[in-house]
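Data block below; observations after.
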Amino acid sequence: MLEKHLWRDFVGVTSSVAVLGLGVGSTLPLTALALTAHGLGPQVVGWMAAAAAAGGMAGTLASPRATIRFGRRRVMLWCVVVAAASVISLQYVDSLWGWAVLRAAFGVSLAPLFVIGEAWINSLPGDAVRGRVVAIYTTSFTLCQVLGPALTDAVARVPSHAFLICGGVFLLGIPGIALARDPPAAAARAGYRATIGDKNAVASWLAIVRIAPAIVAGAALFAAFDNIMLSFLPLLALDHGFSQSRALAAVVVVFMGDATLQFAAGWLADRFGYARVHRTAGVGLCVLLPLLPLLIAVPGLWELYLFVLGGVAGSVYTLSMVSSGERFSGAALLRASGLIAFTWSLASSIGPAATGIAVQHFGGKAMTAVLWLMALGFVLAEQLGSRRPPII
């Protein structure tokens, strides 16, 4: 699928970002459980998730310029160190304001890792295999993220060291980043201006939104899904009488479906076109989400439902990445990846905050309503983009 000399970069970047998935997957539910253990409600959980997302927006905006100036590898290494330090520090800070600052710092450092990593991966394959290559990357990330709640369940039993362990996980991403090769600064800057085929290499942030609104809407949808499921699905399950281990296992099943089904989504995109598969995934979510409160009390069928739901939701994000690589190259591809990350941060901020308020006032079913409205918005955005001619 890739030329032989590109596999080193692919393995290095993919392995490092996958490890970050384990850190993210464990830190979000651990934060929610720690706050709940201190008697704080879902609204506070939502605002803490929002603080990290707000920091992510700032980190995203700075990513393209920092990457062009300092290089991909150097920026990623520094961000890993800051992310680890911000998580470890949660072990020693007691005030909510202190936690909010640390969560914001976490978001600032985490966003560039995904902006750079995703643009790096997307620059490697040709269009004929892009869906499958990107799917391997997203699958690797999600498989490690799936292990996050399991790690949370383990470290929650040693609360005096929980955040120390989760923070240390991020440092395991350093070897992979160090393995990947970065070209000399001058060559890299020239590459960001180069046009490949008919791909747009100079599109601005706004032009990318106009050309491909489904990229933005898809990232927003899965960002909200990811953060809301990690933060609120365990709490919803606990309200329905699940044990803590079983409640966290529900999140694992969702993201196992996400991880397992992404290669199939990538293959379908390569075979039938990413736009058609992207649209189908959005419609599928609109059908599946209303079933969540109905199936939570049906053992066996509940787990199967969560598996399929996670796979369909994950394909929305995977195909947003594929779409950006199909349409853009050079600096525009970096901006498109930045826009995905910015949208992720914005949706991760608004989504959990809105969900926390809605759950506080209307109960657990409000979580499903928020996600369904975002799925509908994605389908409409995809339809809008498919009718709009390209802007060169």
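The values are calculated or read from the model by the stated rules, or taken from the named source; none is laboratory data. Nothing here was measured: the structure is a model prediction, and the numbers come from that model. Positions of Cβ are backbone-derived with ideal geometry, glycine not excepted, and every protein chain shown enters the neighbour counts. Side chains included, ligands, DNA and RNA excluded: accessible areas come from the protein's heavy atoms. Shrake-Rupley method; radii C 1.70, N 1.55, O 1.52, S 1.80 Å.
Contact order, relative form, for the chain: 29 percent (alpha carbon pairs under 8 Å, 6 or more residues apart, mean separation divided by residue count).
Under the rule that an exposed site lies in a DSSP loop and has at most 14 other Cβ atoms within 10 Å, name the longest stretch of the chain with no trypsin sites (Lys or Arg not before Pro) of that kind, not counting the sites themselves. Don't skip to the end; give the middle numbers.
Values: sites that count: Arg157, Arg181.
In the chain, the maximal stretch lacking such sites is 182-392.
Between 0 and 90 degrees, the angle of helix 96-122 with respect to the longest Cα principal axis of the chain falls at about 40 degrees.
If you roll a 1.4 Å probe over the heavy atoms of the protein chains, what accessible area per residue do you get for the chain, in Å²? Please report the intermediate quantities before stating the final value.
Values: 15520 Å² over 392 residues.
Dividing the accessible area of the chain by its residue count gives 40 Å².
With the simple model of a label 7 Å out from the Cα in the direction of the Cβ, Leu96 to Arg181 spans 5.2 nm. Maximal additional length on extending the Ala37-Gln383 stretch stands at 120.2 nm, based on 0.36 nm per residue less the C-alpha distance. Working from Cα pairs under 8 Å separated by at least six residues, relative contact order for segment 1-125 is 38 percent. Within the listed set Ala214, Ala281, Ala369, the residue fluctuating most in the Gaussian network model of the chain (springs between alpha-carbon atoms under 10 angstrom) is Ala369.
Surface composition of segment 1-54: carbon plus sulfur atoms contribute 68% of the solvent-accessible area (1.4 Å probe, protein chains only, all chains present).
On full extension, the segment bounded by Arg210 and Val308 gains 32.1 nm, given 0.36 nm per residue less the C-alpha separation.
Subtracting the Cα-Cα distance of Gln360 and Val202 from 0.36 nm times their residue separation leaves 52.4 nm of extension gain. Say we join alpha carbon atoms closer than 10 Å with springs in a Gaussian network model of the chain; which of Phe170, Phe272, Phe342 then has the biggest fluctuation? Looking only at Phe170, Phe272, Phe342, the biggest GNM fluctuation is shown by Phe272.
When only Cα pairs under 8 Å and 6 or more residues apart are kept, what is the percent relative contact order across segment 255-363? Don't jump to the answer; show the numbers that get you there.
Numbers: 74 pairs, mean separation 37.9, N = 109.
About 35 percent, as a whole number.
A Gaussian network model of the chain, with springs between Cα atoms under 10 Å, assigns the largest mean-square fluctuation among Thr139, Thr343, Thr368 to Thr368. Spin-label model, Ser160/Phe242: points 7 Å from Cα along the beta carbon direction are separated by 3.1 nm.
The C-alpha atoms of the chain define a longest principal axis, and helix 274-288 lies at about 10 degrees to it. For the chain, the longest principal axis of the Cα atoms and the long axis of helix 330-362 meet at an angle of about 20 degrees. Between the residues Leu124, Ser109, Leu90, the greatest Cα displacement towards the positive end of the dipole of segment 1-154, with unit charges on the Cβ of Lys, Arg, Asp and Glu, is found for Leu124.
Roughly how far apart, in whole Å, are the Cα centres of segment 1-59 and segment 198-228? The two parts, judged by their Cα centres, are 20 Å apart.
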